[in-house]
Amino acid sequence: MKNPPSSIAAGLPYARAWAAQHGNLTSAGYRTEHEGFSLGWWLYKQRRAAHDHLKRTGNPWLHEAQLTVLDPWWNPPWRANWNHSYHQAHAHYSTGLAFPDQTTKWIRTQQKAWEQLHPHQQHLMTTLGIQGPTPLYRYNSHPANPTSQPNKLTNSHLTTPKRENHSTQTRPTPTHKQHQTNRHHTTARQPQPAN
């Protein structure tokens, strides 16, 4: 076979078509097929080849520019599955759909690890309304559905006076009354009897 499925020539037309349709290559998961071609697996093989070449020679891979022109972050310095999670979150955010529990958990994990994220990852998180390592008081997972909740994570207790973990219920009153003895406090010290 002249162009085995993992060769650059075999997959580049599919990568171009995917990038034209989706605006990136990073949204293609490992199992993604495009027009019958295993694009996700092919991209994995290209990332592996680029990594191995750089490690072996210290120089960029020969085909790096061909894929970088389609998506500058096709081979990010972080794990590719981060991009897949980001694109799932972005798809829900941009269409106004509720975030699934797993996506909400992922967003909160990124927020907790904000300082460890690459600057470009931080930038991508801002497209979801995440503006930094913000305290998680309240979050509306229906961003396009106007409600009384904010559609972004809030930054301080000043903008969200009640926290999620505070109950709105009143405290129950005790069933029995506790007897408290009255204590008299004096300002001057009383003399002690001599022994």
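The values are calculated or read from the model by the stated rules, or taken from the named source; none is laboratory data. No experiment lies behind these values; they were computed from the predicted model shown. Reconstructed Cβ throughout: ideal geometry from the backbone, glycine too, with neighbour counts over all protein chains shown. Heavy atoms of the whole protein, side chains included, go into the accessibility calculation; ligands, DNA and RNA do not. Shrake-Rupley method; radii C 1.70, N 1.55, O 1.52, S 1.80 Å.
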Q: Report, by residue number, each residue of segment 61-101 that is closer than 18 Å to Ala49 by Cβ, modelled with pLDDT of 90 or more, open to solvent by less than 40 Å² (accessible area, probe 1.4 Å) and not in a loop (DSSP other than H, G, I, E, B).
A: Leu67
(Q) Which condition from (1) over 23 Å from Gln131 (Cβ atoms); (2) assigned to a helix (DSSP H, G or I); (3) modelled with pLDDT under 90 is the one that Gly11 breaks? (A) (3)
Q: Name every residue in segment 102-118 that is under 30 Å from Ala50 (Cα atoms), among the polar types (S, T, N, Q) and open to solvent by 40 Å² or more (accessible area, probe 1.4 Å), in order of residue number.
A: Thr109, Gln116
Q: Just give me the residues in segment 78-97 being among the aliphatic types (A, V, I, L, M) and within 18 Å of Leu39 (Cβ to Cβ), in sequence order.
A: Ala80, Ala91
Q.
Every residue in segment 6-21 that is open to solvent by 80 Å² or more (accessible area, probe 1.4 Å) and either hydrophobic (A, V, I, L, M, F, W, C) or free of Cβ contacts under 8 Å to residues at least 24 places away in the same chain (or both), please.
A. Ala20, Gln21
Q.
Can you tell me which condition Ala50 does not meet? The list is (1) surrounded by 18 or more Cβ atoms within 10 Å (Cβ to Cβ); (2) over 24 Å from Gln122 (Cβ atoms); (3) more than 22 Å from the chain's Cα centre (by Cα), and all the others hold.
A. (2)
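Within segment 22-36, is even one residue part of a helix (DSSP H, G or I) and loosely packed, with under 14 Cβ neighbours inside 10 Å?
No, the conditions are met nowhere in segment 22-36.
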Q.
So Lys45 passes all but one of these: (1) open to solvent by 40 Å² or more (accessible area, probe 1.4 Å); (2) at pLDDT below 95; (3) touching a strand residue (DSSP E or B) at 6+ places or on another chain (Cβ under 8 Å). Which condition number does it fail?
A. (3)
